[in-house]
Every structure is written in structure tokens, then in C-alpha cells.
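This report refers to the structure that appears directly beneath it.
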Amino acid sequence: MTTPLLETRALCRNFGALAAARDIDFRLEAGARHALIGPNGAGKTTFVNLLTGVVAPTSGAILMRGRDITGVDQAQRVKLGIARTFQINRLFRRLSVLENVYIAVAERVGAAPSMFQPAGTRRDVVEESMHLLETLKLTADASRRISELPYGRQRLVELAIALGLKPEILLLDEPAAGVPSAESHIILDAIDGLPRDIGVLIIDHDMDLVFRFAQRITVLVSGAVFATGTPREIGADANVRAVYLGQASHG
Amino acid sequence: MTRSAVSWADHPAAVALAGRHRLRAWEPIPWLLALAFYFVFPKYLGFGTELLITILFALSLDLVLGYAGIVTLGQAAFFGAGAYTVGMLAKRGIWNEPITGLILAAAVAAIVGLGSGLVLLRTGGLTLLMLTLCTMALLEEAANLAHDYTGGFDGLDSLQITPVLGMFEFNPLYPKTQYLYALSVLFVCFVFVRTLVYSPFGQSLTGIRENSLRMHAVGAPVRRRLVLCYALSAAIAGVAGGVWAQANAYVNLGTLGLDRAATVLIILVLGGYGRLYGAFVGAIAYVALSHFLSKIYPTAWQLGLGLLLVVIALFARNGILGIIEAAARRLRPPRATS
């Protein structure tokens with residue numbers, strides 16, 4: 001068996017008496033399109049926070065390409081190639097769309113510590129940021145402040161910032177949440193257009209999105225892996241339907 | 001990915017970003033006014049020097065508060081560190097040269113900033129506010145207790161400062177040298193801060209101010225950046241304190257006090273923080289207001305100032321410059337992209 005891009009072994013995280021993650025064994029292969037689903041409170045966002053180093057696990061290990069990164073801090077994991085988007089937009093609201101992406105690109109290429117050179121004269125960073133905005137069809141909004149944009153467009157900036165980090169592993173926490181259905185196709189197209197070689201883990205409640213996108217699905221219930229399989233297997237699993245899919249189609 | 005034929009340099013957003021550090025047409029005006037003041041009001045140069053030093057001090061606060069979003073109530077700790085560095089060295093006859101004296105003041109203040117920042121900037125919000133206040137109070141008390149070195153409550157007076165560049169003497173009665181000296185120092189520090197805030201480093205500071213969580217998620221060493229910014233700001237505050245000690249030829253505990261720290265915060269809020277020139281506008285407005293209000297209401301003029309601050313906090317969060325910017329935006333014909 002090949003070494004997976006990202007792997008967790010018996011990953012646990014307790015918040016007081018609550019076990020938000022219980023013995024999670026998980027594998028994300030290179031180039032994977034993997035979805036993580038589960039009812040509210042199943043621990044999906046906690047799992048992303050564990051993978052990105054926002055919270056430390058109570059026990060267990062996280063490995064990237066076989067290397068143990070459990071003790072590596074958040075910023076270092078980004079440098080290793082793990083990027084994420086947030087369930088709720090976390091953007092630089094009073095800065096322009098271009099500046100938002102600029103910050104991410106500048107950080108990746110190591111331009112950010114530079115103190116005595118005007119930011120706009122880093123042509124490489126500006127060009128790459130603008131190019132990224134073009135691929136997400138945000139060019140027309142490049143000068144606008146985030147606070148002036150509709151929520152759906154903001155979600156795209158959220159994605160643009162993550163892509164500006166040129167990740168090998170991209171964790172998308174409900175990328176289409178809060179986006180009007182008329183605009184959600186832009187997000188979906190953007191996800192479809194991601195470079196093939198990066199491993200993508202998507203968390204979502206939207207089953208249409210999940211089944212369209214994913215080659216593999218992991219179902220999380222009460223902090224533990226309930227089932228893992230192809231979309232066909234998961235869709236046919238009676239237990240999964242009972243705990244999750246049935247509810248979702250009604251709600 | 002290598003579809004690189006297209007250049008985005010002409011896009012309005014890229015043009016705006018590439019040009020935002022360029023000198024604006026109005027920017028020489030405050031400096032010309034400051035020079036004109038020297039010739040028009042030769043009798044008020046002592047007052048003018050004090051104002052310039054206040055602007056420099058407010059500028060140091062703008063870097064941490066306005067750009068990096070670090071809420072501090074203890075900025076006078078660094079002003080005092082710089083002032084006492086100059087004062088103690090001059091009093092003992094160890095170092096009396098003004099310009100190198102300022103470099104020493106900056107270095108000492110930066111070290112205090114670095115040391116306290118490494119500890120304090122692990123916290124945020126109200127905790128940080130209280131801790132910055134405590135740090136300043138501790139320094140003030142230390143200066144009070146170390147009587148043999150600092151002169152304690154009486155401070156150190158009759159400091160001997162050698163002429164600037166060996167030519168221009170500090171004359172306490174006719175502070176012409178002091179004024180031009182303070183103006184030159186302010187200019188140099190301003191150019192430094194201005195360069196800094198328009199750099200990628202400055203951009204990352206605004207990123208931390210706007211959303212530190214996201215900055216962590218793009219791989220930025222957030223705390224290291226904050227501590228660095230804090231130390232740089234401390235150095236500038238230290239320079240302001242050093243100039244103050246040199247210009248007045250004395251140091252006292254007031255350089256380390258809450259009064260000074262609170263006043264400079266008021267000035268920045270009044271003028272508009274995160275705007276470079278907010279320090280200028282705020283300092284002038286503060287001095288003018290105190291003068292005007294204390295004339296019409298000598299016993300309780302600070303009440304008027306307090307009420308004005310409440311109004312600013314409620315209705316004009318961006319201070320006087322914010323009001324001017326909003327007015328200018330309205331007067332200008334709307335552009336295609338705002």
C-alpha cells in the first residue's frame with residue numbers, strides 16, 4: 001500500500017467530557033476528492049482543526065506523507081502544504097479583494113517579511129494574485145472591499161486565499177454554505193477546476209454537492225468514523241441512511 | 001498554470017496597489033506649514049517643539065494600534081524609557097551627543113518593547129490593555145524607587161546636551177534649534193513608518209488587525225510579526241521621549257505616566273488611527289481644543305473634551321480624517337469602481 005498524502009491514526013480530542021474526535025483513522029490519498037459528512041455536532045470542523053493544527057489532539061497521530069506532523073504548529077503546516085477554507089468567512093473585511101489574496105501569496109513566496117519595499121512593486125505577487133482572481137472570475141471585483149461584496153462572492157475570495165497558498169492538501173469546510181443556489185455553481189465549477197494532483201477534503205451538508213464531487217466519502221457520527229466508502233457504497237448503506245442521509249433529505 | 005502572456009499590471013486594482021505608496025499632491029503641505037511656523041511664530045517655538053514631539057509619539061502609537069491593531073494603554077513606557085536613557089546618560093556625563101543619544105534611546109526602548117512584547121502579546125483584548133498599563137506603572141515605580149539613578153520624584157534637570165552636529169546649540173530661552181531638530185527627527189521617523197506601512201510587512205500587519213485567525217491560516221508567524229512591530233513602535237516612542245528630554249533638558253516621572261499614554265491615545269482617536277496623518281491632525285486638534293475649552297471653561301474644560309470623544313466614538317469612528325475622507329468621497333464624482 002502506498003503512503004497516503006495525509007493520514008490520521010487513532011486521533012482523539014476531548015473537550016472536557018465531550019469526545020469531539022474518537023479514534024479517527026483516516027487516509028487522504030494524493031489527488032483524492034474526498035468528502036466528510038455527518039450530522040451537526042459530529043465533529044467535522046474539529047477534525048479540520050486537528051488536521052490544520054488549530055487544536056492539538058488529546059492522543060493519536062497525524063502524518064503527512066508518512067512524516068509525523070502532530071507537533072507541527074499551524075503556520076508550519078501551511079508551509080508544508082496544508083490549506084483550508086473556513087465554514088464562516090474569515091476575510092480581511094476592510095481590505096480589497098486583491099489585497100486579501102496578495103497577503104496569502106506574499107506569505108507563501110516569502111515576500112511578507114519585507115519592510116522597505118512598497119507592496120505593489122512586488123509584481124510577481126500582484127500578477128499571481130490577479131491571475132488567481134481571474135480563474136475564480138473575481139477580476140471585476142478586485143478593487144472592491146470585502147465588506148462591499150455579496151456573501152457568495154466572499155466565499156470565492158475565501159477559496160482564492162486558500163489557493164494562493166498552492167496547497168497539496170486543501171480542506172474545504174462547507175465551501176458553499178450561505179451561498180444562494182443561483183451562485184453555488186461558481187463555487188462548484190471552481191472546485192471542479194482545482195489542480196488534479198492536490199488532495200481535497202470537502203465537508204458539506206449539501207448531498208448533491210458531495211455526491212457530484214467526491215470519489216470517496218467518510219461519514220462521521222459523534223466524533224467517530226461511522227463508515228467509509230465510495231459514494232455508491234455510502235448511498236446504499238442502510239445504517240448511513242438511517243443516521244444521516246434520511247434526515248438530510250428532509251432537512 | 002503557465003498561461004503567463006496576460007499581464008495584470010494595468011488592472012485598476014493592481015494599479016491602485018502599485019501606486020498607493022506614491023507621494024500624494026497634498027502631502028508636502030503639513031511639512032511646509034511646520035516650516036512656516038518656524039518663521040511666523042518665533043515666540044511659540046517651545047510650544048511648537050512640544051507639539052512635534054507629541055505628533056511623533058502619536059505616530060508610534062498609530063503603528064501598533066492603527067496598523068497592527070494592538071490595543072495598548074502603556075505606550076508612555078517607551079517614551080519614558082527613551083527620555084530616561086538620554087537623561088541618565090547626560091546627567092552622569094557619559095553621553096551628551098544628541099543624535100547618537102537618540103539612537104541609544106531608540107535601542108533601549110526597543111529592548112523594553114521586545115522584552116515586554118514577547119510576554120504581553122501572548123494575550124489580547126482587555127487582558128493586553130491591562131498588562132500594558134501594568135508594565136508602564138511598574139517602570140514608573142521603578143524610576144521612582146531608583147532615586148540615585150533617576151532622581152526619583154524630582155527627576156533629572158539641567159541636562160547638558162552638546163550642540164547638534166557640533167554647531168547648533170540648544171537654547172532653553174530661544175528653542176529654535178529644538179524646533180528644527182524635532183521637526184527633522186519627526187520627518188525621518190515619518191518616512192520610516194510610511195515606508196513600513198506600505199510594505200508587504202505592513203500589509204501583513206493590517207491582515208493581522210483585520211483577522212488574525214486567517215493570518216495564522218495563511219501560515220503567517222503572527223506573534224513574531226506583532227512583537228517586531230511592537231518593538232519598532234517602542235523604538236520610535238523612545239526617540240520621541242529622547243527628543244523631549246533633550247529639548248527640555250530634563251526628565252521626570254511624567255514621561256512614564258498614564259496621563260501621557262492616555263493623551264496620546266485620545267489624540268490618535270481624535271485624528272483618526274491607521275492613517276499616518278491622524279497623529280498630526282489629532283495632536284493639533286487636541287492642543288487647539290484644550291486651549292479653546294480651558295479659556296471658556298477654566299475649571300472643567302476636560303469635560304468638554306470627554307463629551308467630544310464620546311461623540312467621536314459614537315458617530316465618527318475614524319476621527320477627523322475619517323470625516324474629511326467621507327466628505328471628499330461625496331464631493332468627488334463617482335467612479336466606475338469605487
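Bear in mind these aren't lab numbers, they're just calculated from the coordinates by the rules spelled out. Keep in mind the model is a prediction, meaning the values are calculated, not measured. Glycine gets a Cβ as well: all are built from the backbone with ideal geometry, and neighbour counts include every protein chain shown.
Every test in (1) without any contact (Cβ under 8 Å) to a residue 40 or more places away in the chain; (2) assigned to a helix (DSSP H, G or I) is passed by residue B:26 save one, and that test is (2). Taking the stretch A:22-113 as the region of interest, the strands (runs of 3 or more DSSP E) fully inside it that hold 2 or more residues being within 13 Å of chain B (Cβ to nearest Cβ) are A:82-85. Being surrounded by 15 or more Cβ atoms within 10 Å (Cβ to Cβ) and free of Cβ contacts under 8 Å to residues at least 12 places away in the same chain holds for only one residue in B:114, B:32, B:51, B:17, and it is B:17. Restricting attention to the stretch A:78-92 and to residues that are in contact with a Leu (Cβ under 8 Å, 6 or more places away or on another chain) and basic (Lys, Arg), the residue that is surrounded by the fewest Cβ atoms within 10 Å (Cβ to Cβ) turns out to be A:90.
Could you list, in sequence order, all residues of the stretch A:1-21 that are hydrophobic (A, V, I, L, M, F, W, C), assigned to a loop (DSSP other than H, G, I, E, B) and under 27 Å from residue B:219 (Cβ atoms)?
Taking the stretch A:1-21 and keeping what is hydrophobic (A, V, I, L, M, F, W, C), we get A:1, A:5-6, A:10-12, A:15, A:17-21.
Okay, now just the ones that are also assigned to a loop (DSSP other than H, G, I, E, B), so A:1, A:5, A:17.
Within the stretch A:1-21, A:5 is the sole residue that qualifies.
With the structure loaded, tell me whether residue A:183 is charged (D, E, K, R), under 21 Å from the mean Cα position of the chain (by Cα), outside any loop (DSSP other than H, G, I, E, B) and more than 22 Å from residue B:208 (Cβ to Cβ) or whether it fails that test. Yes; evaluated as a whole, the condition is true for this residue.
Quick grid of which residues meet (1) without any contact (Cβ under 8 Å) to a residue 60 or more places away in the chain; (2) of a type in the set (Lys, Arg):
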{"site": "B:267", "(1), (2)": "no, no"}
{"site": "B:270", "(1), (2)": "yes, no"}
{"site": "B:279", "(1), (2)": "no, no"}
{"site": "B:285", "(1), (2)": "yes, no"}
{"site": "B:299", "(1), (2)": "yes, no"}
{"site": "B:304", "(1), (2)": "yes, no"}
{"site": "B:310", "(1), (2)": "yes, no"}
{"site": "B:313", "(1), (2)": "yes, no"}
{"site": "B:317", "(1), (2)": "yes, yes"}
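Here the stretch A:186-209 is the region considered, the condition is being part of a loop (DSSP other than H, G, I, E, B) and surrounded by 19 or more Cβ atoms within 10 Å (Cβ to Cβ), and the residue that is farthest from the other protein chains (Cβ to nearest Cβ) is A:206.
Please specify each residue of the stretch B:164-209 satisfying the condition of being more than 11 Å from every other protein chain (Cβ to nearest Cβ), touching a residue at least 12 places away in the same chain (Cβ under 8 Å) and outside any helix (DSSP H, G or I). Passing the criteria: B:164, B:165, B:168, B:170, B:172, B:174, B:175.
Conditions tested, residue by residue: (1) exposed (fewer than 14 other Cβ atoms within 10 Å of the Cβ); (2) under 19 Å from residue B:66 (Cβ atoms).
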{"residue": "B:293", "(1), (2)": "no, no"}
{"residue": "B:298", "(1), (2)": "yes, no"}
{"residue": "B:301", "(1), (2)": "no, no"}
{"residue": "B:323", "(1), (2)": "no, yes"}
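Against the conditions (1) out of contact with any Leu (no Cβ under 8 Å at 6 or more places or on another chain); (2) of a type in the set (S, T, N, Q); (3) assigned to a helix (DSSP H, G or I), residue B:135 satisfies every one except (1).
Which is surrounded by 21 or more Cβ atoms within 10 Å (Cβ to Cβ), away from chain B (no Cβ under 11 Å) and not hydroxyl-bearing (Ser, Thr, Tyr), of A:177, A:160?
Sole residue among the options that is surrounded by 21 or more Cβ atoms within 10 Å (Cβ to Cβ), away from chain B (no Cβ under 11 Å) and not hydroxyl-bearing (Ser, Thr, Tyr): A:160.
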